[in-house]
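The next block holds one structure in the form of C-alpha cells; read it before the comments.
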Amino acid sequence: MSIVIESHKGIEVLRDDLLSGGTKSVLLKNIIDTIHNEFVYPSPVYGAAQIALSSYCKSIGKQATIFCAKRKKLHPNTQRCLDLGAKVVEIPYGYLHVVQYHAKNYCEKNSAYLLPFGFDTDESKNLIANRTKEIIYHLGYEPDEIWCALGSGVLMEGIIRGTTTSKIKAVQVGKEYNIGIRQFEEGFNRLEILKHKLPFEKSTKFKPDFPSTPNYDLKAWELCNQNKGKGSILFWNVF
C-alpha cells in the first residue's frame, strides 16, 4: 500500500484516509481466506473497517455482510458499503454487543466467517508494525512522537511494535482501553493514553486540515495540536 505523508502545522500527517477503507484495508489480504465465500463484520456505523471489508470483498469476488445499528436515516458509511456490494443487516436498538450477538448467530447458521472487531489479531498488529517501519524509512527518521486515535487498540499496539524510541500518544475515542499488565510489556512504557472529552458518537467541531473522521481521527488531531511536544511529530490519519 502506498504511503502518502503531508506536512500540516509542522506535523507530518500519514494520509491513510486516501486508501479505500483507510488503514484497515492494509490488513485484509492476510485475514481473508479462500475457503469462505462470505465474511461478516459487526460494526459501529462510523467505522472504517466495514468499508475496507466491503471494498476488498468486491475486488476478490467475495460477499461482505455488515451488521450495524438501525437508524432512521442510513449513515453515509452504511450507504458506501451498499454501493460496494455489501449486504447490510440493520439491528434495532443496536448497541455494539447486541450487533455482535446477531452477527455471531448469523455466521453459525450460514457458515460465514466472523471477523474480529477491529480485525484484532496478532498478525494485524505485526502488519501495522511493518507499515510503521516503512513509514520511518520513508521519513528518514523515527519521530519523537506518533499520535493516533485509539479504538480497538490494534493500530496503537502495532505502532509500538514497529518503533524503538517514539513516544506513542493515543487518543481514546471509544470504550476505555484496559492496559492492565500490558504496561509492563516492551514498548508500553513509551505509551500515553489521552481521553477526548466527547463520547464516541459525538463529533468534534475542531476544523480539520485534511479529510478526517470527526468522531474518530479528528479528535486525535485536535488533541495532537493542543498537546504535542517540541520534537518531530507524526500523526496517523486512519480514515
Among the residues of the range 180-203, which ones are more than 22 Å from the chain's Cα centre (by Cα), not in a loop (DSSP other than H, G, I, E, B) and not aliphatic (A, V, I, L, M)?
PHE184, ASN189
Tally, over the range 91-124, of residues that are closer than 23 Å to LEU28 by Cβ and of a type outside the set (S, T, N, Q):
19
Can you pull out the residues in the range 201-214 that are open to solvent by less than 50 Å² (accessible area, probe 1.4 Å) and farther than 18 Å from LEU18 by Cα?
THR204
Unique residue being free of Cβ contacts under 8 Å to residues at least 24 places away in the same chain, within 15 Å of CYS148 (Cβ to Cβ) and surrounded by 14 or more Cβ atoms within 10 Å (Cβ to Cβ) when the list is LEU234, LEU218
LEU218
If you check ILE5, ILE11, which single one turns out to be β-branched (Val, Ile, Thr), open to solvent by 20 Å² or more (accessible area, probe 1.4 Å), at pLDDT 95 or above and over 17 Å from CYS68 (Cβ atoms)?
ILE5
Could you count how many residues in the range 175-200 are open to solvent by 50 Å² or more (accessible area, probe 1.4 Å), at pLDDT 90 or above and among the basic types (Lys, Arg)?
2
Output the residues belonging to the range 33-74 that are of a type in the set (Val, Ile, Thr), exposed (fewer than 15 other Cβ atoms within 10 Å of the Cβ) and in a loop (DSSP other than H, G, I, E, B).
THR34, ILE35
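The values are calculated or read from the model by the stated rules, or taken from the named source; none is laboratory data. Quick caveat: nothing in here was measured; it's all calculated off a predicted structure. Please note: Cβ atoms are built from the backbone with ideal geometry, for glycine as well, and neighbour counts cover all protein chains shown. Calculation scope for accessible area: heavy atoms of the full protein, side chains included, ligands and nucleic acids excluded. Shrake-Rupley method; radii C 1.70, N 1.55, O 1.52, S 1.80 Å.
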